[in-house]
Amino acid sequence: MCGIAGIIDFSGRKPDEAMLRRMLGLIRHRGPDAFGIYMDDIAGLAFTRLSIIDLHGGDQPIHNEDQALWIVCNGEAFNYIELRPDLEARGHKFYTNTDTEVLLHLYEEKGPEMLNDLNGQFAMAIWDKNRKELFLVRDRMGIRPLFYTKVGSRIIFSSEIKAILADLTIPRTLDPVTLSDIFTCWSPFGDKTAFEGIQQLMPGHYALIGADGMKTRQYWKLTFEHNTNSDRPLHEWKEELKGLLQDACRIRLRADVPVGSYLSGGLDSTYTTSIVKKIFNNHLCTFSVSFADSRFDEAFFQAKAVQAIGTDHKMIHCTDVDIGKDFPDVLWHTETPLLRTAPVPLFRLSKLVRENNYKVVLTGEGSDEIFAGYDIFKEDRIRRFWSRQPSSATRPRLLQRLYPDIFQQSDARSRAFLEGFFRKNLSFVDSPGYSHMIRWNNTALLQGFFSSTLLSTLSGPSHPTTQRPNDFFGRFAASLPPDFMTWNPLSRAQYTESTIFLTNYLLSSQGDRMAMAHAVEGRFPFLDYRVVEFATRVPPTYRLMGLKEKFILREAAQDVIPPELANRPKHPYRAPISKCFFGDQHLQYVDDLLSESSLKEKGYFHPEKVAKLVAKVRRQDGQLLSERENMGLIGILSTQLLDEMFIKNFPYRPIIEPEKVKVYDFRAK
């Protein structure tokens with residue numbers, strides 16, 4: 001895993017080596033092992049390496065036989081071993097043992113059609129010196145990031161936004177619509193980022209960039225349009241899944257360095273870790289995080305998993321103080337406002353991995369999205385059932401099965417409030433966003449903290465449609481596949497969760513950014529595209545059996561992990577919020593950024609409303625804060641931090657340019 005960056009300029013201005021070095025300095029944390037630059041009269045490519053395959057011979061940029069094609073790649077093509085022999089038989093000559101060189105020759109052979117052959121997680125750039133054309137591509141599920149901006153005839157791209165902003169002529173402004181989206185669906189939406197004018201290449205897309213502009217194409221899409229064979233026996237589905245997951249784990253162990261595994265104590269990571277330990281790797285090191293607050297801690301189940309599997313286990317303990325202290329570091333890496341503190345423990349966890357001399361870990365991300373593991377999918381099913389008899393007194397009681405602690409510990413008035421909360425928009429079952437409507441509408445109330453100036457910007461006219469800029473539901477509906485409403489409701493909910501929250505939050509702010517902050521590569525067996533496509537074919541009832549989430553996965557795991565872990569209910573990964581910033585420690589940056597003067601200066605939030613929220617936190621020590629108020633607090637603080645780091649004081653940290661860089665300079669003298 002690595003970091004890539006580049007500048008393509010058709011205006012006649014040659015690439016600036018100093019700028020490329022500056023870009024590398026801003027993303028060197030992604031790969032501190034080696035650095036490389038390619039330049040000609042149009043293109044400049046930069047690369048920072050985390051060496052995992054072909055440790056001594058795999059430095060990039062890598063070229064083909066006649067040096068007409070040059071590649072920089074962040075990520076892995078796990079099936080490169082199977083692809084290489086055919087390329088050699090066709091006459092291609094290799095000078096490394098890397099998967100990256102396989103990608104280059106495959107592109108030389110097939111062009112963009114090569115993407116159909118790949119199984120991996122990658123973001124890459126290939127420059128064709130003869131055709132004067134750049135090929136940019138991102139993996140199917142968007143595991144690896146790729147950002148770009150267009151300035152006239154120039155395109156700047158990178159694995160992280162901060163490298164793009166190394167060019168100080170690029171405007172640095174937070175995008176108000178994206179702020180509105182984050183304060184609605186918890187993440188940027190579509191190809192947008194927190195910064196105006198900077199976009200992400202969407203998952204499953206590639207772009208061809210030449211003198212005539214940039215053309216983007218989709219080469220893969222997540223779809224549930226298949227005609228599922230509901231008559232197929234359960235045991236056949238189960239055996240197919242077991243085979244796919246075993247192979248997904250097998251190819252993700254390909255590395256010339258040790259591969260570890262995250263182990264949360266839940267079904268997903270316990271299952272994949274068991275596969276690796278029992279079939280492929282007799283000595284396996286696992287890593288986990290525990291919390292001081294028992295509401296978030298899973299250490300008991302982690303210990304059960306370690307005992308059952310028999311791994312060499314390392315654990316880091318995360319306190320409220322740790323989260324408050326590390327939060328600014330996390331924002332520097334996420335490059336987007338957050339409504340949760342959950343990335344912080346993962347930031348600390350990847351540091352533990354690196355301190356134990358590991359560069360690669362398997363993780364369980366993706367399982368909840370593709371096998372319907374979240375409560376939001378059950379809420380959708382209950383609400384649809386309830387909507388058929390909205391006056392029923394018994395149907396809403398099914399919610400108690402989802403949240404027994406909340407309902408059992410509440411008085412009659414509180415239970416009535418909760419029932420009223422889930423009743424909102426109950427009859428809107430034909431809305432494309434029905435499954436997420438409660439969450440989005442509830443979160444959008446946080447926009448009440450926005451300043452009048454920001455709200456005015458969002459309520460103004462948009463173009464070329466009549467939608468307002470912050471009409472999130474309208475933009476969401478317009479982005480959906482044409483046949484979306486013909487899918488099963490569960491499939492619709494899963495698609496929504498996967499294409500918004502998984503890609504733009506979990507795989508970014510909690511995945512790539514937190515691991516790569518300490519030069520650790522995460523690999524995701526559940527996001528092997530074969531496993532994903534299998535999940536979309538599984539009958540909905542085998543994904544969510546009544547209210548039993550991930551039914552088919554639990555069935556497959558029964559013979560591999562202890563029943564108490566295979567049947568353990570989903571425990572959502574969360575972390576403390578308000579107490580981390582207003583608890584036993586005093587954090588000066590919190591006082592400064594939430595002060596009236598700072599709020600007025602930056603202009604995103606209403607100072608008096610924020611002051612009331614902060615006063616409530618201090619008065620109650622956060623104990624009686626609602627979930628929405630906690631999210632509001634972290635959203636406000638993170639937005640203020642983002643402005644401080646990237647708008648007001650960029651670069652917020654010193655740029656440490658690499659000392660040794662291998663430079664290929666083909667610029668005309």
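The values are calculated or read from the model by the stated rules, or taken from the named source; none is laboratory data. Remember, predicted model here, so these are calculated numbers, not experimental data. Neighbour counts are summed over all protein chains in view; Cβ atoms, including those assigned to glycine, are modelled from backbone coordinates with ideal geometry. Accessible surface areas use protein heavy atoms only, side chains included; no ligands, DNA or RNA. Shrake-Rupley method; radii C 1.70, N 1.55, O 1.52, S 1.80 Å.
Key figures
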| quantity | calculated |
| --- | --- |
| Residue count for region 9-36, restricted to those that are of a type outside the set (Ser, Thr, Tyr) and over 30 Å from Phe524 (Cβ atoms) | 13 |
| Leading residue by the ranking (farthest from Ala535 (Cα to Cα)) among those in region 377-394 that are in contact with a Lys or Arg (Cβ under 8 Å, 6 or more places away or on another chain) and open to solvent by less than 10 Å² (accessible area, probe 1.4 Å) | Trp386 |
| Per-region count, region 429-453, residues out of contact with any helix residue (DSSP H, G or I) (no Cβ under 6 Å at 6 or more places or on another chain) and farther than 28 Å from Ile636 by Cα | 2 |
| Restricting region 413-429 to residues that are in contact (Cβ under 8 Å) with a residue 12 or more places away in the chain and open to solvent by 20 Å² or more (accessible area, probe 1.4 Å), the residue that is nearest to Thr394 (Cα to Cα) | Glu419 |
| Out of Thr457, Thr496, Thr486, sole residue that is open to solvent by 30 Å² or more (accessible area, probe 1.4 Å) and under 29 Å from Thr639 (Cβ atoms) | Thr457 |
| Count of residues meeting criterion [within 23 Å of Ala5 (Cβ to Cβ), in contact (Cβ under 8 Å) with a residue 60 or more places away in the chain and open to solvent by 10 Å² or more (accessible area, probe 1.4 Å)] in region 100-125 | 1 |
| Residue in region 568-590 that is of a type outside the set (Lys, Arg), under 30 Å from Ser452 (Cβ atoms) and open to solvent by 30 Å² or more (accessible area, probe 1.4 Å) present | yes |
| Scan of region 16-39 for residues that are open to solvent by 10 Å² or more (accessible area, probe 1.4 Å) and either in contact with a Ser or Thr (Cβ under 8 Å, 6 or more places away or on another chain) or of a type in the set (Asp, Glu) (or both), ordered by number | Asp16, Glu17, Arg28, Pro32, Asp33, Ala34, Phe35 |
| Which numbered condition Thr216 misses (of (1) touching a His at 6+ places or on another chain (Cβ under 9 Å); (2) open to solvent by less than 30 Å² (accessible area, probe 1.4 Å)) | (2) |
| Residue that is farthest from Leu362 (Cα to Cα) [pool: residues in region 331-348 that are in contact (Cβ under 8 Å) with a residue 60 or more places away in the chain and in contact with a Cys (Cβ under 8 Å, 6 or more places away or on another chain)] | Thr341 |
| The lone exception for Ser158 - which of (1) buried (at least 24 other Cβ atoms within 10 Å of the Cβ); (2) of a type outside the set (Val, Ile, Thr); (3) more than 24 Å from Gln67 (Cβ to Cβ) it fails | (3) |
| Residues located in region 284-317, provided they are in contact with a Ser or Thr (Cβ under 6 Å, 6 or more places away or on another chain), open to solvent by 60 Å² or more (accessible area, probe 1.4 Å) and assigned to a loop (DSSP other than H, G, I, E, B) | Ala292 |
| Residue list for region 505-523, filter: open to solvent by 10 Å² or more (accessible area, probe 1.4 Å) and outside any helix (DSSP H, G or I) | Ala517, His518 |
| Cross-chain or 6+ apart pairs with Cβ under 8 Å, region 76-92 first and without any contact (Cβ under 8 Å) to a residue 12 or more places away in the chain and open to solvent by 30 Å² or more (accessible area, probe 1.4 Å), then of a type in the set (A, V, I, L, M, F, W, C) and not in a helix (DSSP H, G or I) | Glu88/Phe94 |
| Elements of type strands (runs of 3 or more DSSP E) in region 194-277, at least 3 residues being within 30 Å of Asp181 (Cβ to Cβ) and either modelled with pLDDT under 95 or touching a helix residue (DSSP H, G or I) at 6+ places or on another chain (Cβ under 7 Å) (or both) | none |
| Evaluation of Met631 against (1) assigned to a helix (DSSP H, G or I); (2) open to solvent by less than 20 Å² (accessible area, probe 1.4 Å); (3) touching a helix residue (DSSP H, G or I) at 6+ places or on another chain (Cβ under 6 Å) (one fails), failing number | (3) |
